[in-house]
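Enquirer: Submitted below is the structure of interest, expressed as structure tokens.
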Amino acid sequence: MRVYLNLASCKEIFKVMTQVTKNIDEGRLKMKAHCPIVTDFGMKEKVIRILLCYNPLWLRIGLYIILGGESLLPNGDAESDQDIAFLKLVIERQFLSHEGLAKAYAYNKKVEGLYRPGYYESLGNVILKRFLLLVLALDRAKSQSSLPLKYGIDGLDGGSPLLFSLQSSIKSSSQMKLVVPADTMKKNVANCGIALQYLKQSGVPLKDEDGMTIEADDVACGDKELTLSLLWNMFLYLQAICNSYGLKIDNLDSLIDGKAIWCLLDYYFRTELHHSCPLKSQCHYFVGVPCMSFGYEEEYALEAANRFKAIQAWWQSMAEKDFKSISNPQNSALDVFPISKSENKPKRDDAACLIQSHYRGMIERRKFLKIMDAVSLLQSATRAWLVVRQKMLLPRSFVTEVDEFLCGRGKSSETYGRYLLLIFYRHNFVKLRRSVLLIQQAARKWISQKCQRKEMSSTILRTKAATQIQLAWRNVCLRNSLNYKCCAAIKIQSYVRGWFLRREYLNQKQAALTIQSNFQRLRCRRLKQRAEITLKSAIIIQCYARRWLCQRWYSRCYQLIVQIQTSSGYSQNSKIKIPLSSILRLQRWWRRVLLQRLRSKSAIFIQSYARGWIAKRKAARERDRVVLIQSYWKGYLTRKESRAQVVDLRLRVQKAAKNVDDNMRLINRLKAALSELLNIRSVTSILHTCATLDMATRHSQKCCEKLVEAGAIDKLLKLIRSMTRSIPDQEVLKHALSTLRNLARYAELLDVLIDSHGSIEIIFFELLRNKEDGFFIASELLKKICTRDKGAEGLRKSPSLLKRLNGLVEELTRRVHNDKRNGRVIAAKENTERRLKEAAQLLKLMVC
């Protein structure tokens with residue numbers, strides 16, 4: 001493990017872990033009571049998924065530090081499915097469990113799942129210690145500055161921001177990533193928040209000219225004024241950084257060549273490496289822009305500098321390409337509009353000629369450079385040979401002069417001559433050595449230039465190949481983009497045309513309805529006018545007729561009165577009878593008038609309501625027809641879009657139906673489980689079987705009918721009668737009562753439950769015995785039984801049950817009053833009130 005941790009880091013981890021373990025053992029740091037990670041299987045699966053999000057190599061390192069074992073050491077491919085399955089098994093069986101605690105707290109070693117009190121608390125403390133140790137070990141291993149590049153954050157990321165601090169020199173890649181794709185408003189706001197946070201850390205002011213703070217919601221919602229203010233602040237801050245490098249930014253066109261981005265890269269590169277050198281010191285020019293160069297002695301600094309130069313070179317090439325594409329918009333690859341072949345052909349010929357001329361010029365230039373290198377090498381060798389030859393002629397004359405001098409002087413000067421010859425030969429040797437070194441230097445330089453030319457030629461070939469590949473790939477991408485845009489345009493056009501047709505149809509329909517309504521209104525108005533004219537005519541005719549009748553009657557009466565008065569038999573009684581008969585006639589006539597008015601008003605009232613009802617019925621019919629047409633049309637569109645999916649699903653279902661085993665069907669499996677329910681001895685298996693029955697009967701009526709035919713009610717009642725007050729038995733009891741409740745939802749099955757021997761007494765007894773979920777399930781079951789006449793009569797025939805239910809209601813009422821007076825916990829108080837409400841409702845149903 002020295003590859004991942006050094007001795008100092010191990011000591012630091014053990015020191016911190018000792019303190020953490022002490023706090024956990026003394027109870028100052030512990031998990032909550034009834035720790036969900038221990039008892040909740042869903043939470044345990046979620047924890048396993050979160051731990052498997054780490055890189056498998058880092059997870060093996062952490063588990064090896066905690067659990068030990070040579071099998072956890074990284075070897076071979078750490079990304080295979082077998083390795084991930086192995087890590088999942090280790091986390092589930094060893095990391096989240098403890099065999100020693102399970103054996104120490106077990107009631108019976110043969111029965112799994114039954115432990116003494118205190119087991120879950122102890123297991124929670126163990127899991128908490130392991131989690132903290134895993135976090136400390138991985139955090140220290142990843143934050144070491146001496147960590148090799150192979151195991152560092154740049155090599156592979158083990159992934160959780162919780163293991164890194166923002167001030168650490170090594171950061172997780174998950175701290176730097178944005179949420180992509182940002183297809184929702186929440187992701188947009190999160191990305192804008194991250195960007196604004198980094199801008200604030202860099203020193204960019206996040207306020208507009210009025211002093212209003214720019215938030216992430218403003219940028220995500222597209223507030224133009226605040227967004228432009230933020231862009232202006234960023235532009236000013238960019239200009240402030242580039243001024244320190246002697247680069248001035250006039251407008252947005254100054255950003256095209258990429259020099260401003262080089263300055264930013266160099267500035268923040270120095271900031272990340274924590275250098276405080278002045279900007280004027282150790283400057284060098286990188287492609288025409290003054291950048292900083294530092295003499296790093298450490299390996300990490302050298303690698304970072306190389307990466308920075310590579311980033312600068314990449315950015316330079318991208319900026320040059322963008323500048324060319326901007327300066328020559330007619331050659332831009334983004335022009336997706338079609339050009340005619342007659343206009344495109346001369347441009348292609350010119351481009352081909354230009355490329356061929358440049359290529360031939362490059363070949364000729366390379367040949368000329370080779371010849372120049374050979375000539376310069378020959379010239380340097382020739383000049384060196386001539387210099388050596390000239391220097392060799394001088395020593396021969398000098399030797400002859402020395403010999404003549406020695407012969408003239410005699411033996412006394414022999415010693416001086418030897419020294420002179422020694423100095424002479426030494427001087428010649430030094431000159432010869434210099435010449436040889438010069439020739440070797442020239443030869444080596446020529447050889448190195450030759451090798452360098454070969455490497456450059458191979459690099460040029462690779463560059464050409466990469467350029468051609470990029471050109472082909474861009475053409476493919478542009479072609480795909482053009483096809484996609486064409487398809488999208490065709491689809492948009494089809495939808496727009498359909499929308500236009502639909503709108504035109506709706507306008508025509510509305511116009512037709514308007515015309516029809518106006519025509520009907522005009523016809524009704526004409527009919528009304530005709531009826532009014534007819535009525536007026538009838539009234540006038542009736543008036544004249546009645547007048548004529550009255551006048552005739554009056555004239556007759558007048559003649560009769562005159563005759564009577566003139567007659568001798570006139571008596572005094574006629575004076576009384578004549579006015580009385582007149583009054584009666586007038587009353588009859590007025591009553592007929594009032595009756596006629598009442599009949600007309602009633603007929604008008606009835607006609608208005610009848611016409612309104614007919615219009616409403618007609619409108620409802622039209623609305624139903626429109627809804628029906630719309631539903632058929634929407635159904636056609638849905639079937640048209642999902643036809644391939646439906647065919648695929650049908651084929652898959654048919655294929656699965658051919659290979660299905662009858663014994664593996666849900667109903668057959670439920671029957672098999674029900675037949676073995678009373679013979680199973682393991683509480684875990686019984687609980688699993690009852691949970692399966694509960695889920696199946698909750699969602700399927702057919703399953704309920706088949707289970708009742710197989711005798712499920714009697715077996716469940718027998719199972720309920722055999723349960724104890726232990727926690728596992730109470731879970732089994734809850735699922736069994738829930739299954740009976742699901743069966744009681746159907747009237748035929750409810751009658752079978754009521755007719756079962758002792759069913760009402762068993763369910764009522766569980767109501768009185770349970771205080772938690774079983775109480776409410778039994779209450780719902782008894783309410784459904786009371787809805788049937790047989791069930792209500794069965795409950796009323798047992799006075800002992802009524803008496804015990806009355807006693808339960810009185811006891812719960814007393815508890816509620818005591819809780820209100822003593823101020824008990826709200827949760828317990830609400831539970832008691834809910835039980836009292838259920839018991840009171842059940843008592844009311846039984847009594848009524």
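Enquirer: Can you confirm whether the stretch 498-508 contains a residue that is in contact (Cβ under 8 Å) with a residue 12 or more places away in the chain, assigned to a helix (DSSP H, G or I) and either of a type in the set (Lys, Arg) or surrounded by 10 or more Cβ atoms within 10 Å (Cβ to Cβ) (or both)?
Expert: Among the residues of the stretch 498-508, not one is in contact (Cβ under 8 Å) with a residue 12 or more places away in the chain, assigned to a helix (DSSP H, G or I) and either of a type in the set (Lys, Arg) or surrounded by 10 or more Cβ atoms within 10 Å (Cβ to Cβ) (or both), which makes the answer no.
Enquirer: If the requirement is being within 50 Å of the chain's Cα centre (by Cα), at pLDDT 85 or above and of a type in the set (A, V, I, L, M), which of these qualifies: Ala828, Ala736, Ala839?
Expert: Ala736
Enquirer: On to the next question. Please verify whether Leu674 is of a type in the set (A, V, I, L, M, F, W, C) and crowded, with 16+ Cβ neighbours inside 10 Å, treating the condition exactly as stated.
Expert: yes
Enquirer: Return yes when Val752 is part of a helix (DSSP H, G or I), in contact (Cβ under 8 Å) with a residue 24 or more places away in the chain, within 20 Å of Arg721 (Cβ to Cβ) and out of contact with any strand residue (DSSP E or B) (no Cβ under 7 Å at 6 or more places or on another chain) and no when it is not.
Expert: Against the criterion (part of a helix (DSSP H, G or I), in contact (Cβ under 8 Å) with a residue 24 or more places away in the chain, within 20 Å of Arg721 (Cβ to Cβ) and out of contact with any strand residue (DSSP E or B) (no Cβ under 7 Å at 6 or more places or on another chain)), Val752 qualifies.
Enquirer: Return a yes/no flag: does the stretch 347-366 have any residue that is small (Gly, Ala, Ser), surrounded by 11 or more Cβ atoms within 10 Å (Cβ to Cβ), part of a helix (DSSP H, G or I) and at pLDDT below 75.
Expert: yes
Enquirer: Which ones in the stretch 793-802 are assigned to a helix (DSSP H, G or I) and surrounded by fewer than 17 Cβ atoms within 10 Å (Cβ to Cβ)?
Expert: Glu793, Arg796, Pro799, Ser800, Leu802, listed by residue number.
Enquirer: Return yes or no: is Leu72 modelled with pLDDT under 80 and out of contact with any Gly (no Cβ under 8 Å at 6 or more places or on another chain)?
Expert: yes
Enquirer: Between Gln529, Gln572, Gln559, which is modelled with pLDDT under 85, surrounded by 10 or more Cβ atoms within 10 Å (Cβ to Cβ) and of a type outside the set (D, E, K, R)?
Expert: Only one candidate passes the filter, namely Gln559.
Enquirer: If you don't mind, another one. Assess whether Arg599 counts as being free of Cβ contacts under 8 Å to residues at least 24 places away in the same chain, over 30 Å from Ala712 (Cβ atoms) and not aliphatic (A, V, I, L, M).
Expert: Yes, satisfied.
Enquirer: For the stretch 664-738, list the helices (runs of 4 or more DSSP H) that sit wholly inside it and hold at least 3 residues that are out of contact with any Pro (no Cβ under 6 Å at 6 or more places or on another chain) and among the β-branched types (Val, Ile, Thr); which are they?
Expert: Filter on the stretch 664-738 gives 683-699.
Enquirer: For the stretch 797-834, give me the residue count where each residue is among the basic types (Lys, Arg) and within 17 Å of Leu768 (Cα to Cα).
Expert: Number satisfying all stated conditions: 5.
Enquirer: Still on this structure: Report whether or not Leu432 is over 30 Å from Met362 (Cα atoms), surrounded by 13 or more Cβ atoms within 10 Å (Cβ to Cβ) and either at pLDDT 80 or above or touching a helix residue (DSSP H, G or I) at 6+ places or on another chain (Cβ under 7 Å) (or both).
Expert: When the stated conditions are applied, Leu432 passes them.
Enquirer: Sticking with this one: Does at least one position in the stretch 756-769 carry a residue that is in a helix (DSSP H, G or I), at pLDDT below 85 and touching a Gly at 6+ places or on another chain (Cβ under 7 Å)?
Expert: yes
Enquirer: Let me ask something else about it. Every residue in the stretch 722-759 that is closer than 18 Å to Ala792 by Cβ and of a type in the set (Ser, Thr, Tyr), please.
Expert: Of everything in the stretch 722-759, those that are closer than 18 Å to Ala792 by Cβ and of a type in the set (Ser, Thr, Tyr) turn out to be Ser756, Ser759.
Enquirer: Looking at Phe95, Phe86, Phe14 in this structure, which one is modelled with pLDDT under 80 and aromatic (Phe, Trp, Tyr)?
Expert: One residue alone meets the criteria, Phe14.
Enquirer: Next up: Give the residue, chosen from Glu780, Glu772, that is at pLDDT below 85, acidic (Asp, Glu), under 22 Å from Gln730 (Cα atoms) and out of contact with any Asp or Glu (no Cβ under 7 Å at 6 or more places or on another chain).
Expert: After ruling out the rest, the residue left standing is Glu772.
The values are calculated or read from the model by the stated rules, or taken from the named source; none is laboratory data. Computed from a predicted structure; not experimentally measured. Cβ atoms come from the backbone with ideal geometry, glycine included; neighbour counts cover every protein chain shown.
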